[in-house]
Structures are given as C-alpha cells and as structure tokens.
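Q: Encoded as structure tokens, here's the structure I'll be asking about.
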Amino acid sequence: MIEIDDTLVSFDVFEQEFCCDLAACKGCCCVEGESGAPLTLEEVAEIEKVLPVVWDKLSQEARIVINRQGVAYTDANGDLVTSIVNGKDCVFTCYDERGTCLCALERAFYAGKSTFLKPVSCHLYPIRLRKLSNGLTALNYDEWDICRSACKCGHEMGLPVYKFLKEPLIRRFGQEWYDKLCIAADWVAQHKHEP
C-alpha cells in the first residue's frame, strides 16, 4: 500500500483495470449484495432533501420501505447504508425499458433536478473505503464476480481503476490529492517488475 496524505492506497487501485459495462451487467451492483450502499450522515440529509424529486420514480415496495424505516438503516456490520427492498434492491433503483437497473438519484442529478449525484460509495465503486484505527482511510479494490465484464472492458481499454474513477476520487479527496495519486501511479508503474 502507498500512503498519500491521510490515506493508504492498495496497489490494486493502480494495477487492476476496470470500466463499467452497463450493457453486460445491467447495473446489478445496485441489486446484489447483503446490504445497501454505505452512507455518511451528511449524505442521508442530502438524500432526504431530494426524496420528493425522485419519489415517483421509485417502486411501490421501495416507498413502503422508506415510509417504514427511512432512506437508510444500520446493517449487521454496524454501517449506515441505503435501505433495501426484500434484501436486494437499493430503494433508489429504477429500471429502463431494457431491464437495466439505474439510480433514481443519479438520473435526477443529470436531469438538472437535484444537486446530489449519488452516495460517494456508489460513485467510487469498485474502490471501497475503510477507516483504520490509526485515523487513516484505506482505499481497497473490491473484486466482485458480477463485475467480470467491467474488468474485461477495462483491460481492453487499458484503463486502470484510478483513472476510471478520476471524477469520484476528486469528488471525495480533492484535485491535489488526485495529482499525488497520479504521481504514485507513475512510481508504481516504474517499479512494477523490481524484486
């Protein structure tokens, strides 16, 4: 791992290649998994503000869940996450005519109806953040079978994870931090084959 400011970055972030292939996966990362997307308290407040804008795009089941427990809950690991429907779909999933799962929050943002894009944890995927006991934040690449097509697509494009996630990494850590990440990536590339 490489330390940049108050973060520890896994070598996989530089070495793995990735590019979402929505046509292949149909957005199943918003459906699969054991709990919702990790959130901060600030994000919960932002989501609650935009809720009236996306309400009509949500499924009836999602509305029932939100009315019962809100937009978020604390999962079995003690993490604050988006509420989910029937142990699967994030409450903010919606589907297009091809059956592709989309994010109602993201759609509202790109339609100019909201200033909140989506949770940072969603935007950063396949990087997962973990707060360490020493105060640093670890950035780890999360390998998931459902993302095989994204790995293949990223490999074909020669697109490392940190470049694919440039926008969300800057959103979360800032441009100066990202510039340091790029310097670290160059160093990793130069020293890759050293014993």
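The values are calculated or read from the model by the stated rules, or taken from the named source; none is laboratory data. Keep in mind that this is a model prediction, so the values were computed, not measured. Virtual Cβ from ideal backbone geometry, glycine too; neighbours counted across all protein chains shown.
Q: Report, by residue number, each residue of the range 109-135 that is assigned to a loop (DSSP other than H, G, I, E, B), exposed (fewer than 15 other Cβ atoms within 10 Å of the Cβ) and of a type in the set (D, E, K, R). Before you say what the answer is, go through the steps one by one.
A: We begin by selecting, within the range 109-135, every residue assigned to a loop (DSSP other than H, G, I, E, B); these are 111-119, 124-126, 132-135.
In the following step, the residues that additionally are exposed (fewer than 15 other Cβ atoms within 10 Å of the Cβ) were identified as 111-113, 115, 132-135.
Answer for the range 109-135, where residues must be assigned to a loop (DSSP other than H, G, I, E, B), exposed (fewer than 15 other Cβ atoms within 10 Å of the Cβ) and of a type in the set (D, E, K, R): just LYS113.
Q: Moving on. So which of PHE92, PHE173 ends up being among the aromatic types (Phe, Trp, Tyr), under 30 Å from VAL50 (Cβ atoms) and touching a helix residue (DSSP H, G or I) at 6+ places or on another chain (Cβ under 7 Å)?
A: Values: PHE173 fails: touching a helix residue (DSSP H, G or I) at 6+ places or on another chain (Cβ under 7 Å).
Matching residue, one of PHE92, PHE173: PHE92.
Q: Within the range 142-168, work out how many residues are at pLDDT below 90 and under 13 Å from VAL13 (Cβ atoms).
A: Total meeting the criteria: 4.
Q: If I ask for residues that are at pLDDT below 85 and either touching a Gly at 6+ places or on another chain (Cβ under 7 Å) or in a strand (DSSP E or B) (or both), which ones from the range 1-32 would you list? Steps first, please.
A: Step one: list which residues in the range 1-32 are at pLDDT below 85, which gives 17-32.
Within the range 1-32, GLU17, PHE18, CYS19, LYS26 meet the criteria.
Q: Right, something else. Got a number for residues in the range 165-183 being surrounded by fewer than 17 Cβ atoms within 10 Å (Cβ to Cβ) and in contact with a Phe, Trp or Tyr (Cβ under 8 Å, 6 or more places away or on another chain)?
A: Total meeting the criteria: 3.
Q: Within the group GLY87, GLY112, which residue is modelled with pLDDT of 90 or more, over 30 Å from MET157 (Cα atoms) and not hydrophobic (A, V, I, L, M, F, W, C)?
A: On the way: GLY87 fails: modelled with pLDDT of 90 or more.
On inspection, the qualifying residue turns out to be GLY112.
Q: Exactly one of these conditions fails for SER149: (1) hydroxyl-bearing (Ser, Thr, Tyr); (2) surrounded by fewer than 17 Cβ atoms within 10 Å (Cβ to Cβ); (3) in contact with an Asp or Glu (Cβ under 9 Å, 6 or more places away or on another chain); (4) closer than 28 Å to ASP5 by Cβ. Give me its number.
A: (4)
Q: Working only within the range 82-108, note down all residues that are of a type in the set (Phe, Trp, Tyr) and either free of Cβ contacts under 8 Å to residues at least 12 places away in the same chain or part of a strand (DSSP E or B) (or both).
A: Looking only at the range 82-108, we keep the residues that are of a type in the set (Phe, Trp, Tyr), and these are 92, 95.
The one that is of a type in the set (Phe, Trp, Tyr) and either free of Cβ contacts under 8 Å to residues at least 12 places away in the same chain or part of a strand (DSSP E or B) (or both): TYR95.
Q: Got at least one residue in the range 73-80 being over 13 Å from SER35 (Cβ atoms) and within 17 Å of the chain's Cα centre (by Cα)? Break it down into steps so the answer makes sense when it comes.
A: Going residue by residue through the range 73-80, those that are over 13 Å from SER35 (Cβ atoms) are none.
No, the conditions are met nowhere in the range 73-80.
Q: What do you reckon, is ALA62 within 17 Å of TYR95 (Cβ to Cβ), of a type in the set (A, V, I, L, M) and not in a strand (DSSP E or B)?
A: Numbers: within 17 Å of TYR95 (Cβ to Cβ): yes; of a type in the set (A, V, I, L, M): yes; not in a strand (DSSP E or B): yes.
Taking the combined requirement at face value, the residue satisfies it.
Q: How many of the residues in the range 136-183 are over 21 Å from THR40 (Cα atoms), over 17 Å from the mean Cα position of the chain (by Cα) and assigned to a loop (DSSP other than H, G, I, E, B)?
A: 2
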